[in-house]
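Below: one structure, written as structure tokens.
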Amino acid sequence: MHELGVVFYVVRDVKKTAEENNVTKVSSVTLELGEVSTVIPEYLIDCWNWAKKKEKVMEDAELKIERIDAVTFCEDCKQEYPTVEYGKICPHCGSEHTYLLRGNEFLIKEIEVY
């Protein structure tokens, strides 16, 4: 479970940002999480709820997760398609000359304060 390690990095970055801006309480943190990022949202939330209690500035902070759908682009037919449903092979032309456009992100989108 790498979610705990990921949460430690998020907590560290949020705490640093709060200190730089003289914030005493964070009310929520919004993450953008790609559908194929390998991070499991339920595990992430469990780790968050444990880790946030370790930092006074974040002890009441809610974790909000916005999912980013995975989309793949086909270099041959120039079309996009849903990655999870079709995988690497383009459903439009059958090509394997494809690459992931989006869906593996893990980003801190917003930090909300009191």
The condition of being open to solvent by less than 100 Å² (accessible area, probe 1.4 Å) and more than 16 Å from I108 (Cα to Cα) holds, among V11, V36, only for V36
Qualifying residue in the range 102-109 (condition: over 15 Å from T30 (Cβ atoms), of a type in the set (G, A, S) and open to solvent by 40 Å² or more (accessible area, probe 1.4 Å)) = no
L31 meets each of (1) at pLDDT 95 or above; (2) open to solvent by 20 Å² or more (accessible area, probe 1.4 Å) with one exception, condition (2)
Scanning the range 26-43 for residues that are touching a strand residue (DSSP E or B) at 6+ places or on another chain (Cβ under 8 Å), aliphatic (A, V, I, L, M) and in a loop (DSSP other than H, G, I, E, B) gives V36, V39
Being closer than 26 Å to V39 by Cβ, out of contact with any strand residue (DSSP E or B) (no Cβ under 7 Å at 6 or more places or on another chain) and either small (G, A, S) or assigned to a strand (DSSP E or B) (or both) is the filter here, so list the residues in the range 66-114 that pass it.
-> G87
Just to be sure, is V23 open to solvent by less than 10 Å² (accessible area, probe 1.4 Å), out of contact with any Lys or Arg (no Cβ under 7 Å at 6 or more places or on another chain) and either farther than 19 Å from G103 by Cα or not in a loop (DSSP other than H, G, I, E, B) (or both)?
-> no
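The values are calculated or read from the model by the stated rules, or taken from the named source; none is laboratory data. Treat the numbers as computed from the prediction; the structure is a model and nothing was measured. FYI the Cβ positions are ideal-geometry reconstructions off the backbone, even for glycines, and counts take in every protein chain you see. The accessibility values were calculated without ligands, DNA or RNA, using every heavy atom of the protein model including side chains. Shrake-Rupley method; radii C 1.70, N 1.55, O 1.52, S 1.80 Å.
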